[in-house]
Amino acid sequence: MGENLELLGLPPEEWEAWWGNHPEAHTYATLSELLEQAKNRLRADDGPSAVPITEFITRHVDAVVVPLDRARERESLDYDAWCTHARALRSAGRLDEAQQADETAATISGIEAGPFVLFPQPPITEDDVRRANELIEKYGLHHLRKEG
């Protein structure tokens, strides 16, 4: 872990103070490294612990200054941070916030967001409905059935 990532050793409520005291850390490289740490936690099935990291990144990504010839990289970091934030929120069961994060990522990318996906999905078929009902019955998930 890079020296600027010592903030991950602090409680999340102290990160803003650390950030304020370390202006040298206000870089694309620092936020990219933090984003990798969040992704590593998601890969390790520890997504809820990634939420404070992605919240921090999405709060500060717009303040990172990059040379004009690297502006696309910052935009890519911004998009990637919001997508990762949405994944972390979903893993923490915060679905409404995840949808909002997906919509923010979609706005950044210029693609219209659907429910938790950025790409159009094929229409639901009768086979899909039949299979869903079979799984509901098999696993006793009746509470998940949409009424109406």
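Would you mind listing the helices (runs of 4 or more DSSP H) fully within region 13-120 where at least 2 residues are exposed (fewer than 14 other Cβ atoms within 10 Å of the Cβ)?
15-21, 28-43, 71-91, 95-109
Does L77 meet the test of being modelled with pLDDT of 85 or more and closer than 14 Å to T27 by Cβ?
Yes; evaluated as a whole, the condition is true for this residue.
Does E55 meet the test of being of a type outside the set (K, R), more than 13 Å from the chain's Cα centre (by Cα) and modelled with pLDDT of 85 or more?
It is false that E55 is of a type outside the set (K, R), more than 13 Å from the chain's Cα centre (by Cα) and modelled with pLDDT of 85 or more.
Do we find a residue being closer than 20 Å to L95 by Cβ, in contact (Cβ under 8 Å) with a residue 12 or more places away in the chain and touching a Leu at 6+ places or on another chain (Cβ under 9 Å) anywhere in region 3-20?
No, every residue in region 3-20 fails to be closer than 20 Å to L95 by Cβ, in contact (Cβ under 8 Å) with a residue 12 or more places away in the chain and touching a Leu at 6+ places or on another chain (Cβ under 9 Å).
The values are calculated or read from the model by the stated rules, or taken from the named source; none is laboratory data. Keep in mind that this is a model prediction, so the values were computed, not measured. FYI the Cβ positions are ideal-geometry reconstructions off the backbone, even for glycines, and counts take in every protein chain you see.
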